[in-house]
Every structure is written in C-alpha cells, then in structure tokens.
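One structure below.
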Amino acid sequence: MKASTELKPRLYSCIKELHLPALLRSYSDAAGRAQKESLSYEAFLLEVLEREVESSWNNRIERLLRESRLPEGKTRETFDWKRLPPGLMQQSKVLLEGLFVERRENLVCFGNPGSGKTHLLCAIARAQVEKGRAVYYSPATLLVQELLIAKRELRLAKVLKRFSKYPVLVLDDIGYVQQDRDEMEVLFTLLAKRYERGSVLITSNLPFSKWNQIFKDPMTTAAAVDRLVHHSVIMELNLPSYRMEAAKKRSETKSGSVIRNK
Ligand code: ADP
Ligand code: MG
C-alpha cells in the first residue's frame, strides 16, 4: 500500500512529462479494473495506450478541421448523393477515399450556380481531413487578396510556402475573381508553385473556354489551364440549382397548406 502511494506522484510526473493526457485520465480506473479482472500487464498497457492513441488522433482531426476553414455543414453526410448522375456519384465516392491526394491530382468542378459544386468539393476535402490530412479552404477572391497583400509586403514567397504545406487546397469560385494584372499574376504563381506538388480543388461557374476572363491574356490562360488539367479530374455538375429546387418545394408546401386552410 505504501509502495503504491509513493508510486503515484512519480507516475503522475512521468505521464505529465510525456504529454499523455488521456492516459493520465484513464490509468487509475484501468489499473483498478485490471486488478479485479486479473488482466495481464500487457493487456493493461495496451488498453491505456490505445485510449491515448485514440484521443490524440481525435484531437489532431479537430485541429485540422479548425485550421482547414472548411464551411461547416458541407459534409458527405449532409450531401444528397442521389442528386448526382450515377457515374458522377460513383466517381465522387472514389474521390472521398483520397487516392487522388496521394497522386497529387487536381479536381476541377464546373456547373451552374447552386448545383452543389462547393458542397461536393468540401465534402471530399473534409473526408481528407478525417484521414488526417491538412486541408485549406478559401474562396478564391479572399485568397487572391491575401496573396496580393503578401506581395505588397514582400512576403509572397513565405505565404506561398505556408500554403505548400497543405496537401489539399480548395479554391472556391475561381470564376468570380475579378482580376486586374496583379491579381491574375499572384493566382498564376500560386497554381504554378503547386503544380505536381499538391492537389488543388477548384470550383468554377466558368468553363475553361472562358478562363481568359480570369487570366486576361491567352498565353497565361493556356499555361494555367495546362498545368491544372495535366493531372486532374474534371467534374461537370449540370444540375438544376439546389437552392431553387428547395425554394420551389417550400413554396409548393406553403401554397399546399393555403389550399388546405381554405
Ligand atoms: P454551388 O457551389 O454550385 O453554387 P453549393 O454547393 O453552394 O452550390 O450549393 C448551394 C446550396 O445547396 C448549399 O446550401 C448546399 O449545401 C446545397 N446543396 C447543393 N447540392 C446539394 C446536395 N446534392 N445535397 C444537399 N445539399 C446540396
Ligand atoms: Mg459555390
């Protein structure tokens, strides 16, 4: 008994020193149970270590999710997969698995506003976070502004390096970027830097044929598109707007209830 009271503070300080918070919380109960159930030393050690591993993994995913800035709620669980044509649904399910990230392939998702581009790519990106990968999401306009400011402050190289640590970078709504020359240049630099180094996930309302509206001159447009499509999966969401459909359904139910109330 005396030995165990002496052991406790030493054990406590070792666990603290090694930063094992879940083990610190669980070992005392687990030790009591192990004694009662006559578990082997190995079985006890395995139990407490597995708890520590699980808790540290969960903390890591939570941190990655916070850092990703992915919009909340746009997950695979909330996405209505039946809205996609069967081929695209199949393709998306494969993308959720994330082999494309290992291959450093890009995803470019085209479609009209409201067709679900952002939700779909965010769901795919979030699935990568759940596998422990670092992801960064940004509306393209915001990212371009951030790069421009960095360029003006002579920090562009540093900021680009920071982005290069994310194996998955989501640029949402690239078509909406209203570029002047400087904006176009930083965007091009970003894409060129990431070429074959990490995946870029892009949504756009503009087909490639209209990307000269983004990159202004034909040479830069061709160079940007060429790099993007070299290793990429192109997805076309030619679907009616989800928002419009939802609004229509709402108004139908409303008018339905008006009729019933008559
Ligand atoms: P886009 O980026 O193509 O303009 P969004 O992804 O922003 O479209 O979708 C518009 C809204 O409709 C969002 O609130 C989104 O969550 C929802 N939405 C779109 N497609 C689906 C879907 N298949 N299942 C569930 N919600 C969807
Ligand atoms: Mg969108």
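Odds and ends about this structure:
- Ratio Rg/Rh, restricted to region 20-127 and using Cα atoms, in which Rh is the Kirkwood radius: 1.21
- Globularity index of region 169-257, i.e. its alpha-carbon radius of gyration over 2.2 N^0.38 Å: 1.44
- Here the sum of -39500 (n - 2.57) over DSSP H runs of 4 or more residues, divided by the residues of the chain, equals -20000 deg cm²/dmol at 222 nm, to the nearest 500.
- Using only alpha-carbon positions in region 57-202, the gyration tensor eigenvalues give semi-axes of 26, 18, 13 Å once each is multiplied by 5 and square-rooted (largest first).
- Where Rh is the Kirkwood radius over Cα pairs, Rg/Rh for the chain: 1.15
- Subset of 16/161; 93/158; 165/216; 93/117 violating a 25 Å alpha-carbon distance limit: 16/161; 93/158; 165/216
- Region 116-202: radius of gyration and largest Cα-Cα distance (Dmax), Å: 12.9, 38
- Spatially, region 33-95 and region 114-155 are offset by 22 Å when compared through their Cα centroids.
- Around the Cα centre of the chain, unit charges on the Cβ atoms of Lys, Arg, Asp and Glu (plus for the first two, minus for the last two) sum to a dipole of about 580 debye.
- For region 1-56, convex hull of alpha carbons as volume per residue, Å³: 78 Å³
- Sorted on the mean count of surrounding Cβ atoms within 10 Å across their residues, most packed first, peptides 191-203, 50-62 read 191-203, 50-62.
- Convex hull volume of the C-alpha atoms in region 80-158, normalised per residue: 117 Å³.
- Compared with the dominant Cα axis of the chain, that is its longest principal axis, helix 21-36 is turned about 40°.
- Built amide H within the under 5 Å cut-off of residue 201, gap 5+: 107, 169, 170, 171
Here, each number is a calculation from the coordinates, and none is a lab measurement. Quick caveat, the model's predicted, so the values are computed rather than measured. A quick note on method: Cβ atoms are made from the backbone with ideal geometry, for glycine too, and the neighbour counts reach across all protein chains shown.
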